[in-house]
């Protein structure tokens, strides 16, 4: 009896230990150590967010058309795509880097590349791919710039998007306008025309770079100098201040709702525009499918971001394809990266809602589907947010400093001066 | 007590092989309880103690997340940085405000409901389940629910304006620091009452009826009976509930992250959302860990003080 009790205890200890160890080691092996070029078959693992929000259109094209086509032209290479929800990908990459368990390819948000590159997680593709300069020259410069860090490029653009002005016929009618507001002055006139009609002239859901930079750039302002060394004198320059001041004035007149300063209880932009609460918003090409499902009768009108002294300049979004430095299949992984830049890949993804990053493919996609034309035009001048590892901190600084300016407890000049000082500190420590 | 000479007697009496087996059995017998403890201990050390020690270690480094990367030891820099960080202090204040506003109602209302549900009635199990239901519901689900309740065009504003005729219902609850904290506290109280109710119900079952009856005989009214008989009898349970709720109050996280995201402009950031942002958004694990360590020390000291307080009271009564 006693012996069997001991045996039971020993067994349970072993089971628990095994469980604990299994829990620590994770489960995403990247296959054998063989490299492409040898005869041994290679399995590439790729992490991405194509299926975010239960959208199977893009994962289907990838898994059923593009990957099989790549595998057919590259015998011996198998690509295993793992779809990860957008909200958890960054955390998964972080823990993967900490545990040394990363895939061979990642479809990364453009805002994360510099951050992970600075940590040494990514392979410098400009050193690893002999044809990098040819491939990169074919992409939009604004998208390519998001891959740069410390004199090297750590990825290539994969897909892109940008924000344009979206309005509705109902809003234009209410304001007595025949076309969407094309300039800052048009927007102010629209606000005046909408006064008392319970329609906000413009709505947006935050004061981060993604939200506020199109206004600053279009107003002729800048965030930093070209070499990313200083924000003081740029972010708090007179043109930047004037652009933000226009928004603050409209906000104080009640023409922009407090969704802008982070009221999570306000009507969202995607609901407010079709419901007639908001006259204009800035948004991206993904809205077409969202509205198609939720507001089938709504016919959005797309137009360039209103132009100020600096023209009509929007902000670049999208994803890059990167290779973690831990991969043991570098040749096979670079072959797939090369394939993502092909017309075949870019145009197939364009059909399911991802805008091409290769300029020639972008022109073809816009010709095939006129819906993309306003976005392609806007992209020609769109700029990326600061490509530094601390880009998420820049967002926090902007929204923390600007919120009091909109609420009226400080001036725009004071808010931007304080933000510029903090960003200066980040730039010197990068 | 076993005589120490006994084993020798036994050994002399049996063959050497049998004696060895007996010794081994006895040794194995002594090890058995530890082997039974081991699975839980292995998991506890591996999943709780080790990460805690690691986080403590990280808080003294400029921690590099990459496996194999060298992190720089920076001593107390992360801690001094927190002392000079206004967002840290605002987060601490918000966590404190949440604790102060959400703990007392959970105790008072939890006890009140427990008193009401103590009486036996056919509907009693139904009410117990209903009050306990929020406790077992997912934080994510109820946080989103409360976000919609407190939205500009949500049920709360509608009820205030159209049902109760208090104001015009145009309050943007989630757009200001204090109104948003009220909404977050309301969720905490609603979700927490059931838990304290359950503990109090269990404690109330243990109040001797003879004492109650004696108090009635002495002419004590309801309030006097509650104050002199019930309250002292459930004192240990009360102490437990207070300590646990204060710890829980300082650990508020999910509801804030989902209802306001720390906004607007970081006004409703609490210590844990700020820690999470530093670690997982900015990948500054050293600073995030330092914030976690500071919070642990605060909660530990508070719990210690409370336990002293409740124990001290007991001794005085005795």
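Within the option set A:206, A:233, A:219, being touching a strand residue (DSSP E or B) at 6+ places or on another chain (Cβ under 8 Å) and either within 18 Å of residue A:274 (Cα to Cα) or in the same structural domain as residue A:283 (by TED's automatic domain parsing) (or both) holds for one residue only, A:219.
What number of residues within the stretch B:172-205 are within 14 Å of chain A (Cβ to nearest Cβ), surrounded by fewer than 21 Cβ atoms within 10 Å (Cβ to Cβ) and more than 15 Å from residue B:252 (Cβ to Cβ)? Number of matching residues: 3. Checked against (1) within 14 Å of another protein chain (Cβ to nearest Cβ); (2) over 19 Å from the mean Cα position of the chain (by Cα); (3) in a helix (DSSP H, G or I), residue B:44 meets all criteria but (2).
If the condition is being part of a loop (DSSP other than H, G, I, E, B) and within 10 Å of the chain's Cα centre (by Cα), then the stretch B:227-263 contributes B:251, B:252.
Mind listing just one residue for me: the one in the stretch A:207-230 that is within 14 Å of chain B (Cβ to nearest Cβ) and within 22 Å of residue A:190 (Cβ to Cβ) and, of those, surrounded by the most Cβ atoms within 10 Å (Cβ to Cβ)? So, considering only residues that are within 14 Å of chain B (Cβ to nearest Cβ) and within 22 Å of residue A:190 (Cβ to Cβ), the one surrounded by the most Cβ atoms within 10 Å (Cβ to Cβ) is A:207.
Are there any strands (runs of 3 or more DSSP E) wholly within the stretch A:265-350 with 1 or more residues that are surrounded by 23 or more Cβ atoms within 10 Å (Cβ to Cβ) and in contact with a helix residue (DSSP H, G or I) (Cβ under 9 Å, 6 or more places away or on another chain), and if so which?
Fully inside the stretch A:265-350 and qualifying: A:280-283, A:316-322.
From the list B:150, B:146, B:131, the lone residue that is crowded, with 16+ Cβ neighbours inside 10 Å, touching a residue at least 40 places away in the same chain (Cβ under 8 Å) and away from chain A (no Cβ under 14 Å) is B:131. Whether a residue is out of contact with any helix residue (DSSP H, G or I) (no Cβ under 7 Å at 6 or more places or on another chain), closer than 25 Å to residue B:262 by Cα and either assigned by TED's automatic domain parsing to the domain that holds residue B:291 or not in a helix (DSSP H, G or I) (or both) was assessed, and residue B:82 does not pass this test. Within the stretch A:48-65, not a single residue is in contact (Cβ under 8 Å) with a residue 12 or more places away in the chain, farther than 25 Å from residue A:290 by Cβ and away from chain B (no Cβ under 14 Å). For residue B:101, state whether it is away from chain A (no Cβ under 14 Å) and assigned to a helix (DSSP H, G or I). So residue B:101 passes the test. Only residues that are touching a helix residue (DSSP H, G or I) at 6+ places or on another chain (Cβ under 8 Å), more than 10 Å from every other protein chain (Cβ to nearest Cβ) and without any contact (Cβ under 8 Å) to a residue 40 or more places away in the chain were counted across the stretch A:399-414, and they come to 3. Whether any residue in the stretch A:97-108 is within 14 Å of another protein chain (Cβ to nearest Cβ) and touching a helix residue (DSSP H, G or I) at 6+ places or on another chain (Cβ under 6 Å) is what I want to check. There is at least one residue in the stretch A:97-108 that is within 14 Å of another protein chain (Cβ to nearest Cβ) and touching a helix residue (DSSP H, G or I) at 6+ places or on another chain (Cβ under 6 Å). I'd like to know if the stretch A:96-113 contains one or more residues that are assigned to a helix (DSSP H, G or I), assigned by TED's automatic domain parsing to the domain that holds residue A:349, in contact with a strand residue (DSSP E or B) (Cβ under 6 Å, 6 or more places away or on another chain) and over 30 Å from residue A:293 (Cα atoms). Yes; the residues of the stretch A:96-113 include at least one that is assigned to a helix (DSSP H, G or I), assigned by TED's automatic domain parsing to the domain that holds residue A:349, in contact with a strand residue (DSSP E or B) (Cβ under 6 Å, 6 or more places away or on another chain) and over 30 Å from residue A:293 (Cα atoms). Out of curiosity, is residue B:207 in a helix (DSSP H, G or I), on the phi < 0 side of the Ramachandran plot and out of contact with any strand residue (DSSP E or B) (no Cβ under 8 Å at 6 or more places or on another chain)? Spelling it out, it is not the case that residue B:207 is in a helix (DSSP H, G or I), on the phi < 0 side of the Ramachandran plot and out of contact with any strand residue (DSSP E or B) (no Cβ under 8 Å at 6 or more places or on another chain). Look through the stretch B:264-279, keep the residues that are over 21 Å from the mean Cα position of the chain (by Cα) and touching a residue at least 12 places away in the same chain (Cβ under 8 Å), and return whichever of them is nearest to residue B:140 (Cα to Cα). Residue satisfying both the conditions and the ranking: B:277. Could you tell me which residue of the stretch A:114-148 is surrounded by the fewest Cβ atoms within 10 Å (Cβ to Cβ), considering only residues that are assigned to a helix (DSSP H, G or I) and within 14 Å of chain B (Cβ to nearest Cβ)? Filtering the stretch A:114-148 for residues that are assigned to a helix (DSSP H, G or I) and within 14 Å of chain B (Cβ to nearest Cβ), the one surrounded by the fewest Cβ atoms within 10 Å (Cβ to Cβ) comes out as A:118. Does residue A:196 satisfy the condition of being modelled with pLDDT under 95, out of contact with any strand residue (DSSP E or B) (no Cβ under 8 Å at 6 or more places or on another chain), over 30 Å from residue A:112 (Cα atoms) and not in a helix (DSSP H, G or I)? Criteria met by residue A:196. Criterion applied to A:233, A:237 was being within 17 Å of residue A:418 (Cα to Cα) and buried (at least 17 other Cβ atoms within 10 Å of the Cβ), and the one residue passing it is A:237. Within the stretch A:242-271, the set of residues being within 23 Å of the chain's Cα centre (by Cα) and away from chain B (no Cβ under 11 Å) comprises A:244, A:269, A:270.
For the stretch B:58-79, a residue qualifies if it is in contact (Cβ under 8 Å) with a residue 60 or more places away in the chain and part of a helix (DSSP H, G or I), and the qualifying residues are B:58, B:78, B:79.
The values are calculated or read from the model by the stated rules, or taken from the named source; none is laboratory data. Everything numeric here is computed off the predicted structure, so don't read it as measured data. Neighbour counts are summed over all protein chains in view; Cβ atoms, including those assigned to glycine, are modelled from backbone coordinates with ideal geometry.
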